[in-house]
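**Student:** Got a structure for you, written out below as structure tokens; questions coming shortly.
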Amino acid sequence: MSRATSLKLLLAVPAVALLFVFMVLPITNMVEMSFRTLGTGEPFGDNYTTAHYARILGDGYYWRILGRSLMTAALVTFLCLIVSYPIAWHMSKAQGMKAVLLYACIASPLMTGVLVRNFGWMIATALNGPLNEALLALGIIERPLRLLFTQGLVVLALVHVFVPFMVLPINNALRNIPPALIEASSSMGASRRQVFRDVILPLSFPGIYPGVI
């Protein structure tokens, strides 16, 4: 083994140790605890059982919850992609101060704690919150809408949280597309829609994949 390879492996040791201590060990412990029997006066007993998994797999309630969670995740992912792609496109074309402002707007939610954002949504969508007051003032609704604790608001809030994680990788992928490819496609007679479908969209997949994940 060369000295350079040994140095690279040595530099990776802290990151691997961090992942092992704070991710692998806790997950392994959770899996192990899931097979423990119920304890008296303690969270779990000393013996092991598969009864917990049998109860979950045989109860339709848990399957409905799982299905609803997966549907919510799919909808949030789709909406994030639809919202984020145009934003990432404009960011990839922006230069100078405009680019800085766009990056700041996209990154600002990441600088706010989840708890603060949750309270913000609760205040904005309350029965006497600014959203209902604005809709009432405009005459769009006759009485306040009950928005809190609804599935729609959960989806909307999750989209707000995850959009930056979709915009930034797509923006990087779009910036890495050589302008010469787009110019060549246009000069060969391709329409703007064909350029997007056959050139830009496929080359932006390296940014879409991590965003979806």
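The values are calculated or read from the model by the stated rules, or taken from the named source; none is laboratory data. Since this is a predicted model, take the numbers as computed values, not measurements. Neighbour counts are summed over all protein chains in view; Cβ atoms, including those assigned to glycine, are modelled from backbone coordinates with ideal geometry. Accessible surface areas use protein heavy atoms only, side chains included; no ligands, DNA or RNA. Shrake-Rupley method; radii C 1.70, N 1.55, O 1.52, S 1.80 Å.
**Student:** From ALA94, ALA54, ALA17, which residue is closer than 28 Å to ILE170 by Cβ and open to solvent by less than 100 Å² (accessible area, probe 1.4 Å)? Quick ask: steps written out before the conclusion?
**Tutor:** Numbers: ALA54 fails: closer than 28 Å to ILE170 by Cβ; ALA17 fails: closer than 28 Å to ILE170 by Cβ.
Only one candidate passes the filter, namely ALA94.
**Student:** What's the number of the condition ALA12 fails, among (1) open to solvent by less than 100 Å² (accessible area, probe 1.4 Å); (2) under 24 Å from the mean Cα position of the chain (by Cα); (3) closer than 28 Å to PRO206 by Cα?
**Tutor:** Looking at each condition in turn, ALA12 falls short on (2).
**Student:** Here's another thing I want to ask about it. When you scan the range 166-195, how many residues do you find that are assigned to a helix (DSSP H, G or I) and crowded, with 16+ Cβ neighbours inside 10 Å?
**Tutor:** The number of residues fulfilling the criteria is 12.
**Student:** If you don't mind, another one. Being hydrophobic (A, V, I, L, M, F, W, C), open to solvent by less than 70 Å² (accessible area, probe 1.4 Å) and without any contact (Cβ under 8 Å) to a residue 12 or more places away in the chain narrows it down to one residue among ALA88, ALA99; which is it? Don't jump to the end; show me each part of the working.
**Tutor:** Details: ALA88 fails: without any contact (Cβ under 8 Å) to a residue 12 or more places away in the chain.
Selected residue: ALA99, the only one of ALA88, ALA99 that is hydrophobic (A, V, I, L, M, F, W, C), open to solvent by less than 70 Å² (accessible area, probe 1.4 Å) and without any contact (Cβ under 8 Å) to a residue 12 or more places away in the chain.
**Student:** Something else about it: Looking only at the range 185-201, which residues are more than 16 Å from SER92 (Cα to Cα) and of a type outside the set (Gly, Ala, Ser)?
**Tutor:** In the first step, residues of the range 185-201 are kept if they are more than 16 Å from SER92 (Cα to Cα); the result is 185-195, 197-198.
MET188, ARG192, ARG193, GLN194, VAL195, ARG197, ASP198 - these are the residues of the range 185-201 that are more than 16 Å from SER92 (Cα to Cα) and of a type outside the set (Gly, Ala, Ser).
**Student:** So LEU148 fits all but one of (1) at pLDDT 90 or above; (2) open to solvent by less than 70 Å² (accessible area, probe 1.4 Å); what number is the exception?
**Tutor:** (1)
**Student:** Next up: How about the range 20-45: which of its residues are surrounded by fewer than 10 Cβ atoms within 10 Å (Cβ to Cβ) and of a type in the set (Asp, Glu)?
**Tutor:** Answer for the range 20-45, where residues must be surrounded by fewer than 10 Cβ atoms within 10 Å (Cβ to Cβ) and of a type in the set (Asp, Glu): just GLU42.
**Student:** Which residues, taken from the range 57-85, are more than 16 Å from ILE106 (Cβ to Cβ) and open to solvent by less than 40 Å² (accessible area, probe 1.4 Å)?
**Tutor:** Correct list: GLY60, GLY67, THR72, VAL76.
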